[in-house]
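Working notes, beginning with the structure itself.
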Amino acid sequence: MSRPHWMRETSHEAYARNYNIVFPHDEHLAGRDASHDALHQELVEDGAIRVQQYDWGGAHSDYPRNIDQRYEEILKGEHSFDFSKHHNIIGEEALACRNAAALFNMSYYGKFYLTGPDAQRTADLAFTADLSKHDDRVVYSLLLNDKGGVEADVTVSILDGGTGGLHEPIFKGRGYYVVTSGFSANHTLAHLRRIINTHKLRATITDVTKQMCILSVQGPDSQRILQRYTDAGLSNDAFPVNTHRSIHVTKAANKPEDKRYRCRALRVTWSGELGWELHVPSAHAIPVYKALSRAKGLRNAGWRALTSLRYHLWNSDLRADDNPVEAGLGFACRKDGDYIGNEHVTRAKANGVTKKYAFFTLDDKVAIFGQEAIFRNGEPVGYLRRGDYAFYLDKPIGIGYVTNKGDLVTKDYLKEGHYEIEVLGEKHKATLHLKSPFDPNGQRLLGNYGPQGMDENTHEPHAGQNERAGGSE
């Protein structure tokens, strides 16, 4: 679809629907499939219903084949301020990830290579994390603006050249493979280019978003399933959390002599579970997907399930007006270094902040979507940035920032209050959590699936843990 065609369609729809009720999960009917990944048709044939991720036909959800799968009919199930008609299907996908394994198509994520003589200098300026680590590390980092607000959150794989190929390019010196959410892909790309141009740096950003697909295998059984398709070691010792490797994936399980496809595997997770992302050149994405989709115990899952499993969703509960310290992301900012926005982070760490990121769970089974008011001891102190349903905990969960009438928000202030969330004019008792109430000790991403504690207030992040290593539940 050409850009002029897209503009005509979407402009007409915007005018025609100007006075329609705006439901929380409504989607546009016009301008769909302006761009999509190499797996689009395969997923549609497997029963996927596409949702729009900016100009991409993004991640999917699977629906039974005995229902009307026309998008207009599916969308009617979202026209509600209560739970979606698809709530149970989304829950099945989320619980598959929590209890077994799920396969997510995350190809709409932005993927960039940062290379050149000044790549290190660019990284030092742009990224808050320490990127002077070994070349097999995947580092969670932020990009800040001049006021210390979060412009994007990304993972950065540290590279020291490759042997050739889209997933392993050849370049001189140190380079970086940057992956960012589909929400912020174009924004992140523009921000990095602005830094390079402003500081006259000899660095190049190469956008490979459309040339690479991402298949993410997540859940307790992910290691066992993926091991059938690769001869690479996947144990904690062989493939630690927050590292990356170039590996082979075979077309058939337990047949290393079969046709093999090379890709870059990242041991990272948005879901808080044991898992890997496979970054596959688009030319090989279909056979790799077909191989994995036949794996026993691995279920396709979609974007709605993924958002119920994760937190720190940029442009929602993390925005350009949020300081990392306010958002609980101070750990992602190095103490030393001249990165953009550093002085604001240092000041916030030293002086405290006037709003603070927190989780809220409700015992009442009510649908929350974001924008609901937060009450502390009967007084409004903020609103939810995002609301969803924690299927594993079997209760609604919301994320928002708590304020204190302009004064500092301390841990004691947060813990001592009695909270309520107002949903459609009715207040519901809520429990505040300083950390995610799901797996607060970050053990599941290590493959440790013993009894999980619920005391998030004693949680200290694991050395390899970051925002991607803890789901919202």
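List of remarks:
- Reported to the nearest whole Å, the Cα centre-to-centre distance from segment 397-426 to segment 69-86 is 32.
- Less than 5 angstrom separates the built amide H of Ala203 from those of Asp118, all sequence-distant by 5 or more or on a different chain.
- Taking all Cα pairs closer than 8 Å and separated by 6 or more residues, the relative contact order of the chain comes to 15 percent.
- Rounded if a/c under 1.5, otherwise prolate or oblate - segment 252-318, Cα gyration tensor axes: prolate
- Dipole of segment 110-207, positive direction: furthest Cα of Gly110, Thr206, Val138, with charges on the beta-carbon: Thr206
- The mean sequence distance of close C-alpha pairs (under 8 Å, at least 6 residues apart), as a share of the length of segment 110-207, puts its relative contact order at 40 percent.
- When each of Asp37, Asp118 is scored by the number of other beta-carbon atoms lying within 10 Å, the sequence from fewest to most is Asp118, Asp37.
- A Cβ-based charge dipole, computed about the Cα centre of segment 311-469 with Lys and Arg at +1 and Asp and Glu at -1, lands at about 200 debye.
- Centroid-to-centroid, using Cα positions, segment 205-237 and segment 334-388 are 32 Å apart.
- Shape class for segment 250-373: oblate, because the ratio a/c of the largest to smallest gyration tensor axis (alpha-carbon atoms, square roots of eigenvalues) is 1.5 or more and b/c is at least a/b.
- Å³ per residue enclosed by the Cα convex hull of segment 181-268: 137 Å³
- The dipole here belongs to the chain: it is taken about the Cα centre, uses +1 on the Cβ of Lys and Arg and -1 on the Cβ of Asp and Glu, and is about 1180 debye.
- Counted by neighbouring Cβ atoms within 10 Å, the residues Asp322, Asp146 run from fewest to most as Asp146, Asp322.
- Size of charge dipole - segment 320-396 - debye, nearest 20, with Cβ of Lys, Arg +1 and Asp, Glu -1, no other charges: 160 debye
- The protection proxy used here, the mean number of other Cβ atoms lying within 10 Å of each residue, ranks peptides 347-357, 382-392 as follows, highest first: 382-392, 347-357.
- The sum of -39500 (n - 2.57) across all DSSP H runs of n ≥ 4, divided by the residue count of the chain, sets its helix-only mean residue ellipticity at 222 nm to -6000 deg cm²/dmol.
- Value in Å of the Kirkwood radius, where segment 127-274 supplies the Cα pairs that are averaged: 17.0 Å
- Residues Ile205, Ile399, ranked from the fewest to the most other C-beta atoms within 10 Å, line up as Ile205, Ile399.
- Reachable aspartates and glutamates from Lys355, criterion Cα separation under 17 angstrom, eight or more residues apart if same chain: Asp317, Asp321, Asp322, Glu326, Glu372, Glu379, Asp407, Asp412, Glu416
- Semi-axis lengths (Å, descending) of the ellipsoid that matches the C-alpha gyration tensor of segment 110-207: 20, 14, 13
- Dipole of the chain computed with +1 at Lys/Arg Cβ and -1 at Asp/Glu Cβ about the Cα centre; of Gln227, Leu159, Ala358, farthest Cα towards the positive end is Leu159.
- When you restrict to C-alpha pairs under 8 Å that are six or more residues apart and normalise by the size of segment 159-292, the relative contact order lands at 24 percent.
- Taking all Cα-Cα distances within segment 311-469, those exceeding 18 Å account for 61%.
- By the rule of a C-alpha distance below 17 Å, with chain neighbours fewer than 8 residues away ignored, the lysines paired with Lys210 are Lys111.
Every number in this text was worked out from the coordinates using simple rules, so none of it is lab data. Computed from a predicted structure; not experimentally measured. We place every Cβ from the backbone using ideal geometry, glycine too, and count neighbours over all the protein chains shown.
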